[in-house]
Amino acid sequence: MNNPVIIFGAKQLGQAAKAILESNEVVIYGFLDDDESLHNKEIGDVLVLGKTEDDGFLKLIGQKCEAFVAYDNNTLRKNTVEMLNKKRKVMPVNAIHKTSWVEASAHLGHGNFINMGVKIGNNAKLKNHCIINSNATIDHAAELGDFVQIGAGSIINTEVIIGDEVFIGAGAVVVSGVKIGKGARVGAGSVVVADVKAGETVFGNPAAKVG
């Protein structure tokens, strides 16, 4: 990546994205955030420039700068990605920590956040805008949809299929071949041994539906 990056979101996820990009010697041009109390403040020597729809900075994206969207909230992330697609005709770049391991045959879409110590195996597939936290494992031939969040230390075993917008808490284990439907939630530390329907929340060992 030759161009500097503008990070959308200056809070904790944005600061983590800054660290990831800088681990690969990528220059951060600045942050954009709608919290006006952060404007013109420096975060680790990088300035919060202004609001996320400031055309003065947006016009740089796709020409002199790339973009990365760093929000935990999926609705906010979606809206920001759609705005970038519409106004600048671009997709956010991936942020992949230099200490992570991504096999050459793995397929990654756009805008994925992959933190330190993550392992992504042979022929695994991540679509777009996933958040994979530290030391998680995505084993070979596993598939993740859009806007999936995987907690730190979780293990997604081989040939697992995870739908869009699924949340998996820290330290969870999903056994081989399981399918998890869109918008489902898996509690931290759970062991998922059977398919999870769309929108369900499961927890425990073995994981069972709650609520």
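The values are calculated or read from the model by the stated rules, or taken from the named source; none is laboratory data. Not measured: the values here are computed from a predicted model. Ideal geometry is used to build each Cβ from the backbone, glycine not excepted, and the neighbour counts take in all protein chains shown.
Mind listing just one residue for me: the one in the range 8-24 that is touching a Lys or Arg at 6+ places or on another chain (Cβ under 9 Å) and over 22 Å from MET83 (Cβ atoms) and, of those, surrounded by the most Cβ atoms within 10 Å (Cβ to Cβ)? Steps first, answer last, please.
Start the filter on the range 8-24 by keeping residues that are touching a Lys or Arg at 6+ places or on another chain (Cβ under 9 Å), which leaves 8-10, 20, 23-24.
This time we only want the ones that are over 22 Å from MET83 (Cβ atoms), so: 20, 23-24.
On the way: ILE20: 23, SER23: 16, ASN24: 11.
That would be ILE20.
From the residues in the range 1-25 that are out of contact with any helix residue (DSSP H, G or I) (no Cβ under 7 Å at 6 or more places or on another chain) and assigned to a loop (DSSP other than H, G, I, E, B), which one is farthest from ALA95 (Cα to Cα)?
The initial filter retains those residues of the range 1-25 that are out of contact with any helix residue (DSSP H, G or I) (no Cβ under 7 Å at 6 or more places or on another chain), namely 1-4, 9, 11-25.
Filter again for assigned to a loop (DSSP other than H, G, I, E, B), leaving 1-4, 9, 11, 24-25.
On the way: MET1: 11, ASN2: 14, ASN3: 14, PRO4: 12, GLY9: 14, LYS11: 16, ASN24: 9, GLU25: 12 Å.
So the residue we want is LYS11.
With the requirement that a residue be in a loop (DSSP other than H, G, I, E, B) and touching a Ser or Thr at 6+ places or on another chain (Cβ under 6 Å), what does the range 90-134 give you?
Taking the range 90-134 as the starting set, the residues that turn out to be in a loop (DSSP other than H, G, I, E, B) are 90-94, 97-100, 103-106, 109-112, 115-118, 121-124, 127-130, 133-134.
Answer for the range 90-134, where residues must be in a loop (DSSP other than H, G, I, E, B) and touching a Ser or Thr at 6+ places or on another chain (Cβ under 6 Å): HIS97, LYS98, ASN115, MET116, GLY117, VAL118, ASN122, ASN123.
Test VAL186 against the stated conditions and say whether it is in contact with a Gly (Cβ under 8 Å, 6 or more places away or on another chain), farther than 18 Å from ASN112 by Cβ and surrounded by 18 or more Cβ atoms within 10 Å (Cβ to Cβ).
Working: in contact with a Gly (Cβ under 8 Å, 6 or more places away or on another chain): yes; farther than 18 Å from ASN112 by Cβ: yes; surrounded by 18 or more Cβ atoms within 10 Å (Cβ to Cβ): yes.
The answer is yes for VAL186.
Any residue at all in the range 148-156 that is out of contact with any Cys (no Cβ under 9 Å at 6 or more places or on another chain), within 23 Å of LYS78 (Cα to Cα) and not in a loop (DSSP other than H, G, I, E, B)?
Kept after step one, since they are out of contact with any Cys (no Cβ under 9 Å at 6 or more places or on another chain), are these residues of the range 148-156: 151-156.
Within this subset, residues satisfying the condition of being within 23 Å of LYS78 (Cα to Cα) are 151-152.
When the remaining residues are screened for being not in a loop (DSSP other than H, G, I, E, B), the result is none.
Within the range 148-156, not a single residue is out of contact with any Cys (no Cβ under 9 Å at 6 or more places or on another chain), within 23 Å of LYS78 (Cα to Cα) and not in a loop (DSSP other than H, G, I, E, B).
Would you mind finding the one in GLY145, GLY111 that is within 25 Å of VAL90 (Cβ to Cβ) and either in the same structural domain as TYR71 (by TED's automatic domain parsing) or touching a Pro at 6+ places or on another chain (Cβ under 7 Å) (or both)? Show your work before the answer.
Working: GLY145 fails: either in the same structural domain as TYR71 (by TED's automatic domain parsing) or touching a Pro at 6+ places or on another chain (Cβ under 7 Å) (or both).
None of the other options fit; the residue is GLY111.
Regarding the range 169-185, can at least one residue be identified that is part of a strand (DSSP E or B), of a type in the set (A, V, I, L, M, F, W, C) and within 24 Å of GLY14 (Cα to Cα)? Before the answer, list the steps.
Kept after step one, since they are part of a strand (DSSP E or B), are these residues of the range 169-185: 173-174, 179-180, 185.
Checking the rest, the ones that are also of a type in the set (A, V, I, L, M, F, W, C) come to 173-174, 180.
Now restrict to residues that are within 24 Å of GLY14 (Cα to Cα): none.
Within the range 169-185, none of the residues are part of a strand (DSSP E or B), of a type in the set (A, V, I, L, M, F, W, C) and within 24 Å of GLY14 (Cα to Cα).
Taking only the range 111-139 into account, find how many residues are under 30 Å from GLU53 (Cβ atoms), out of contact with any helix residue (DSSP H, G or I) (no Cβ under 8 Å at 6 or more places or on another chain) and either surrounded by fewer than 18 Cβ atoms within 10 Å (Cβ to Cβ) or among the aliphatic types (A, V, I, L, M) (or both).
2
Pick from ILE156, ILE180, ILE168, ILE132: which is of a type outside the set (S, T, N, Q) and closer than 20 Å to PHE68 by Cα? Walk me through it before giving the result.
On the way: ILE156 fails: closer than 20 Å to PHE68 by Cα; ILE180 fails: closer than 20 Å to PHE68 by Cα; ILE168 fails: closer than 20 Å to PHE68 by Cα.
The conditions single out ILE132.
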